[in-house]
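J.: Pasting in a structure now, in structure tokens, and then I'll have a few things to ask.
The values are calculated or read from the model by the stated rules, or taken from the named source; none is laboratory data. The shown structure was predicted, so the numbers you read here are calculated from the model rather than taken from an experiment. Note that we place each Cβ from the backbone using ideal geometry, even for glycine, and neighbour counts take in every protein chain shown. Side chains included, ligands, DNA and RNA excluded: accessible areas come from the protein's heavy atoms. Shrake-Rupley method; radii C 1.70, N 1.55, O 1.52, S 1.80 Å.
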Amino acid sequence: MRTPMIAGNWKMYKDVNEAVELVNSIKRAIFNVDNVEIIVVPPFTDLSEAGEMLIETNVKLGAQNCFWETEGAFTGEISAPMLKSVGCKYVVIGHSERRKYFGETNEMLNKKLHVVIKYGLIPIFCVGETLEEREHGKTWEVVETQIIEGMKNILDNDLNIIIAYEPVWAIGTGKTATPEQAQEVHKMIRDLLAKLYSVDFSERIQILYGGSVNPANIESLMKEPDIDGGLIGGASLKSESFVDMVKKTSWLYAKK
Ligand code: PGA
């Protein structure tokens, strides 16, 4: 059975003082949860402090982005080794907000995935269609292309990667995909990974759902066989709701 994962993507929220408060409160509330992988993904400026606070805890640290070069004259960018040096284990790659506002293409994301993997970080690779694409029946075409082009020449069957299916129309809108809609795409992603890699690989990979996940809908989503967790934005910014989602996931899996 795949271990469920709950990852809180803080986006551009929380200065370092607020981050310390949130990390402290999460840490205290879920220290005894041992059947869920728990990740917080703060902004860059909070990583160092959060990394210190999370040493030897059950909460792991992730970053929201990184550049494909390891060092150089790239003003404003952060590299994979830099993220490692502050305690990051995960990096979100290809979030739809990066694709939309910063013009990140599948080709650029492919370069990022290569470097992240090379430096031993685990990418949380985001894919998902816009509303217009869904309405034109293009959901699968878009997601399939994002995976094939994004993961080009990443051939290792032992690869550690997490895929997050995040329909753009569901992000920050309060409109969640129904469990059935999400499960349908998750299953197609898993079948594609079986074809591109192997059945073993596809069975091992965690596929997260993201897009308006909250304490009220997490259980129905997590009950679907191919949904292994959530990449959560808005509802991860308050300790109570993040902890609630972690605990609900933990109970659900304890029963399985
Ligand atoms: P949301 O964001 O939970 O606020 O919809 C999810 C995400 O963008 O990862």
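J.: Go through the stretch 12-28 residue by residue and tally those that are surrounded by fewer than 19 Cβ atoms within 10 Å (Cβ to Cβ), in contact (Cβ under 8 Å) with a residue 40 or more places away in the chain and within 19 Å of residue 230 (Cα to Cα).
T.: Qualifying residue count for the region: 1.
J.: Residues that are within 15 Å of the ligand (Cβ to nearest atom), of a type outside the set (A, V, I, L, M) and over 18 Å from residue 127 (Cβ atoms): which helices (runs of 4 or more DSSP H) entirely in the stretch 158-256 hold 1 or more of them? Give the derivation first.
T.: Values: elements: 179-196, 199-204, 218-222, 239-255.
Per the criteria, 239-255.
J.: Within the stretch 116-130, how many residues turn out to be more than 9 Å from residue 160 (Cα to Cα) and within 16 Å of the ligand (Cβ to nearest atom)?
T.: So the count comes out to 7.
J.: Condition first: open to solvent by 30 Å² or more (accessible area, probe 1.4 Å) and out of contact with any Gly (no Cβ under 8 Å at 6 or more places or on another chain). Now tell me which residues in the stretch 195-214 satisfy that.
T.: Answer for the stretch 195-214, where residues must be open to solvent by 30 Å² or more (accessible area, probe 1.4 Å) and out of contact with any Gly (no Cβ under 8 Å at 6 or more places or on another chain): 195, 196, 197, 198, 199, 200, 203, 204.
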